[in-house]
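The values are calculated or read from the model by the stated rules, or taken from the named source; none is laboratory data. All of these numbers come straight from a predicted model, not from anything done at the bench. Because the Cβ atoms are built from the backbone with ideal geometry, glycine has one as well, and the counts that use them run over all protein chains shown. Keep in mind that these areas ignore ligands, DNA and RNA; they rest on the heavy atoms of the full protein, side chains included. Shrake-Rupley method; radii C 1.70, N 1.55, O 1.52, S 1.80 Å.
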There are 2 protein chains.
Amino acid sequence: MLFWAMDIADLIARDRPRFRTATAFVEAVLREAILTGALPGGTPLRQEELAAGFAVSRMPVREALRQLEAQALVDFTPHKGAVVTDISAGEAADNYAIRAALEPAALRLSVPRLTNADLDQAEALIGEMDAEDDLARLGELNRRFHLTLYARAGRPRLIALVEQHLAAADRYLRFHFAALGRDHMAQSEHAALLAAARAGDAEGAARIAQAHVETAARNIEAFFARR
Amino acid sequence: MLFWAMDIADLIARDRPRFRTATAFVEAVLREAILTGALPGGTPLRQEELAAGFAVSRMPVREALRQLEAQALVDFTPHKGAVVTDISAGEAADNYAIRAALEPAALRLSVPRLTNADLDQAEALIGEMDAEDDLARLGELNRRFHLTLYARAGRPRLIALVEQHLAAADRYLRFHFAALGRDHMAQSEHAALLAAARAGDAEGAARIAQAHVETAARNIEAFFARR
DNA sequence: TCTATCAAGATTGGATCCAATCGACAATCA
DNA sequence: TGATTGTCGATTGGATCCAATCTTGATAGA
């Protein structure tokens, strides 16, 4: 049977129609499962097992796995199969190095063009984060807050890259929160980031964002060192 | 028939054994063809045609196309097929924005740990570029020069991202060189970059690299504006 | 006891076949 | 005449089957 075998029937009934092809559906569900931690790093992904779980043949599964491989979410070895990429200290360091470079760049482009509606939405998201306790929701809100501030960068590929790495970082944050509880420091940094954005200070916002990511990187690094 | 139908037989005989699977082979050849411009942007990629050209079934072709899609080298539309991503001004701007952010970051990590052998190799590559006239070779040398300086960053995913976008940039550079001829300015910037690296000045190298990428971005932008 | 070899089962890679979808063009109706 | 519908060819999506490869465990030999 499958890990979330009980929910999969509902999932198919609910979400499958939203996708044009079975490949797209399988890919979306697997990515979600990996990013939320439902499929932990190191889990082997047997094609036949997944195909049975999704009630499709092995082929859409194979194509979905290929795409996940290109997103560095699974490791593919010829004739051995796919394994969920495990979250090592090295992987985390890479992720944060990339984000520390990309997110300030996105802000420099986006901040001067943000509308009041964008800024209000970002502020609302900070409020929601204060009230939210569920980790999965918190990660989602955090991502949406940051992406709202990057929305006007006008560089779709750049933003897609940021989004991808932001989502991957949720896997580390899960550890982080589990170890540290709620991160009040991050919330005050979010407020500072929003204030800079509202003031139209792109350079200041970029600096805060870089420091924000680097702080998170140090936290995770310390966590891995203790473990 | 296939675009490079005459060479494909030799290619199979020579390079196919170097790959464990047909999928990997097809993917490598297609990527090379796209990046070198042999397959220009907008070219539709029919699965059956490619399969016949590579003397395989449609399945490895499909898997290869999925991976190329995740690398933004082809656009995939359900039930319509794959098309080589065309090089627009927007795509180029994205590429350069990403590189302008990532390459300085790579240098800050790598420069302090470069060995004399690394630096000598980079210098040798500059010499080779002076002597080389073939555009394809020039792009390859340019890429190797930059990657040599990033080699000690110790962030494999970051470097892989840089490598991928550096390779994609060759498609724009092809236009650039075609329009402008050899770029002497870039060569002197390479020399300045190497000098900073030799002096152990990571920050200075990062600044030069960022300016280097931004200059290239402006050149390409101007080219697209004229066209 | 340790190592090497080999055979069987499991699992993936690749080929072929069928179904679903799209595009274009012709036919029909307002 | 113009819009709509329907049909056919082309092309992709998905299922099933076979081949190639890996893993595991048993067996033989030193």
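Give a quick list of chymotrypsin sites (Phe, Trp or Tyr not before Pro) in the range B:6-61 that DSSP marks as loop, anything other than H, G, I, E or B, with at most 15 other Cβ atoms within 10 Å.
For chymotrypsin sites (Phe, Trp or Tyr not before Pro) across the range B:6-61 that sit outside H, G, I, E and B with at most 15 neighbouring Cβ atoms in 10 Å, the list reads B:Phe19.
Over 10 Å intervals from 0, what percent of Cα-Cα pairs in chain A sits in each interval?
With a bin width of 10 Å, the distribution comes to 7, 30, 32, 23, 8, 0.
Rg and Dmax of the range B:36-169, Cα atoms, in Å?
17.9, 54
Can you tell me the convex hull volume per residue for the range A:5-84, based on C-alpha atoms, in Å³ to the nearest whole number?
88
Between A:Thr21 and A:Asp120, what length comes free when the chain is fully extended (0.36 nm per residue of separation minus the Cα-Cα distance, one decimal in nm)?
Taking 0.36 nm per residue and subtracting the Cα distance, the gain is 32.0 nm.
Using amide H atoms built in the peptide plane, which far-off residues or other-chain residues are under 5 Å from A:Thr43 H to H?
Those lying under 5 Å, H to H, from A:Thr43 are A:Val84.
Probe radius 1.4 Å, ligands and nucleic acids left out: can you give me the accessible area buried at the A-B interface, summed over both chains, in Å² to the nearest hundred?
So the total buried area for this chain pair works out to about 2700 Å².
Quick check: with the 1.4 Å probe, what order do B:Thr77, A:Thr148 take by accessible area, largest first?
Ranked from most to least accessible, the order is B:Thr77, A:Thr148.
How would A:Ser188, B:Ser110 rank on accessible area, largest to smallest, probe 1.4 Å?
The ordering from most to least exposed comes out as A:Ser188, B:Ser110.
With every protein chain in place, what's the accessible area of B:Arg171 (1.4 Å probe, Å², nearest 10)?
20
Extending each Cα 7 Å along its Cβ direction at B:Ile8 and B:Ala211, get the distance between those two points in nm, one decimal.
A separation of 4.8 nm, rounded to one decimal place.
Distances in nm, one decimal, shortest first, from B:Arg137 to the same residue in every other copy, taking the label point 7 angstrom along Cα→Cβ.
6.3
Want the number for A:Ala52 to A:Gln187: 0.36 nm per residue separation, take away the alpha-carbon distance, what's left?
44.3 nm
Accessible area per residue, 1.4 Å probe, Å², for chain A: what's the number? Walk me through the numbers on the way to the answer.
Numbers: 10690 Å² over 227 residues.
Accessible area per residue: 47 Å².
Using heavy-atom solvent-accessible surface (probe 1.4 Å) with all chains present, what is the largest-first order of B:Thr21, A:Thr23?
Numbers: B:Thr21 35, A:Thr23 10 Å².
Most to least solvent-accessible, the answer reads B:Thr21, A:Thr23.
Would you mind giving the mean number of other chain beta-carbons within 10 Å of the Cβ of each residue in B:93-104, as a whole number? Numbers along the way, then the final one.
Working: counts 5, 9, 3, 2, 11, 10, 0, 2, 12, 6, 1, 1.
Counting Cβ atoms of other protein chains within 10 Å of each residue's Cβ and averaging gives 5.
If you find the alpha carbon centre of the range B:51-79 and of the range B:156-170, how far apart are they in angstrom?
The two parts, judged by their Cα centres, are 21 Å apart.
Can you tell me how much longer the chain between B:Arg226 and B:Ala38 gets when fully stretched, taken as 0.36 nm per residue apart minus their C-alpha distance, in nm with one decimal?
Numbers: separation 188, 0.36 × 188 = 67.68 nm, distance 2.38 nm.
This chain segment gains 65.3 nm when fully extended.
Translational D (Stokes-Einstein, µm²/s) of the range B:49-113 at 20 °C and 1.002 mPa s when Rh comes from the Kirkwood sum over C-alpha pairs?
148
Given N residues in the protein assembly as shown, what is its alpha carbon radius of gyration divided by 2.2 N^0.38 Å?
Rounded to two decimals, the normalised Rg is 1.02.
For chain A, with only Lys/Arg (+1) and Asp/Glu (-1) charged at the beta-carbon, what is the dipole magnitude about the Cα centre, in debye rounded to 20?
So the magnitude is around 600 debye.
Can you send over the carbon and sulfur percentage of the accessible area for the range B:1-152, probe radius 1.4 Å, protein chains only?
50
For every other residue with a beta carbon closer than 10 angstrom to the beta carbon of A:Arg62, add +1 if it is Lys or Arg and -1 if Asp or Glu, then tell me the sum.
+2
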